[in-house]
Amino acid sequence: MSKTVTSSEARDNFGVLLRQASAENEEVVVTIRQQPTAVIISYAEYQELLQLRQMQKRLAAMEKLRAIRERVQQRISEDDLTPEHAYKLSGFSDGATKNIIENDRQLESE
């Protein structure tokens, strides 16, 4: 459940609003000139939000890696490149290239 208060109300009742956010897990939206400006939430909810953000960043990074891998696989088939050469052209280090190729081979054999 969400509650909306003005910045003046938030200032005057800050302790009460903190307890509501913490104990009752109530979100408190603070407005300035009738525009939502901030939200008071419990620390547990804040931690959950941080975890979700981190997960989104990881998913985005994984998607970028998948796209790179697809481009590399396409170049291998179209340009007759070795996997090692294609990954190096994509900017991967020698160590990363070796690990990726080993993982690719393991996936293919399964």
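The values are calculated or read from the model by the stated rules, or taken from the named source; none is laboratory data. These numbers were taken from a predicted model, which means no experiment stands behind them. Here the Cβ positions follow ideal geometry from the backbone for every residue, glycine too, while neighbour counts run over all protein chains shown.
So in segment 52-85, with the set limited to residues that are free of Cβ contacts under 8 Å to residues at least 24 places away in the same chain and among the basic types (Lys, Arg), which one is nearest to residue 104 (Cα to Cα)? Show your work before the answer.
First, the residues of segment 52-85 that are free of Cβ contacts under 8 Å to residues at least 24 places away in the same chain: 52-68, 70-85.
Filter once more, keeping what is among the basic types (Lys, Arg): 53, 57-58, 64, 66, 71, 75.
Numbers: 53: 29, 57: 24, 58: 20, 64: 17, 66: 12, 71: 14, 75: 15 Å.
Only one residue fits best here, namely 66.
Yes/no matrix, rows are residues, columns are (1) among the small types (Gly, Ala, Ser); (2) more than 13 Å from the chain's Cα centre (by Cα); (3) under 21 Å from residue 6 (Cβ atoms):
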| position | (1), (2), (3) |
| --- | --- |
| 38 | yes, yes, yes |
| 45 | no, yes, no |
| 48 | no, no, no |
| 53 | no, no, no |
| 57 | no, no, no |
| 66 | no, yes, no |
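Restricting attention to segment 1-24, which residues are touching a residue at least 24 places away in the same chain (Cβ under 8 Å), surrounded by 11 or more Cβ atoms within 10 Å (Cβ to Cβ) and not in a helix (DSSP H, G or I)?
3, 4, 5, 6
From the set of residues in segment 25-72 that are at pLDDT below 90 and surrounded by 14 or more Cβ atoms within 10 Å (Cβ to Cβ), which is nearest to residue 14 (Cα to Cα)?
68
Filter segment 26-51 for residues that are touching a residue at least 24 places away in the same chain (Cβ under 8 Å) and β-branched (Val, Ile, Thr) and give the result.
Those that are touching a residue at least 24 places away in the same chain (Cβ under 8 Å) and β-branched (Val, Ile, Thr): 28, 29, 30, 31, 32, 37, 40.
Of all residues in segment 73-110 being of a type in the set (Ser, Thr, Tyr) and part of a helix (DSSP H, G or I), which is surrounded by the most Cβ atoms within 10 Å (Cβ to Cβ)? Even if it seems obvious, please write down each step before you answer.
Keep residues of segment 73-110 that are of a type in the set (Ser, Thr, Tyr), which gives 77, 82, 87, 90, 93, 97, 109.
Now restrict to residues that are part of a helix (DSSP H, G or I): 77, 87, 97, 109.
On the way: 77: 10, 87: 25, 97: 19, 109: 6.
Step by step, filter segment 73-110, then rank; the result is 87.
State all residues of segment 28-72 that are in contact with a Leu (Cβ under 9 Å, 6 or more places away or on another chain) and part of a helix (DSSP H, G or I); if no residue qualifies, say none.
Answer for segment 28-72, where residues must be in contact with a Leu (Cβ under 9 Å, 6 or more places away or on another chain) and part of a helix (DSSP H, G or I): just 72.
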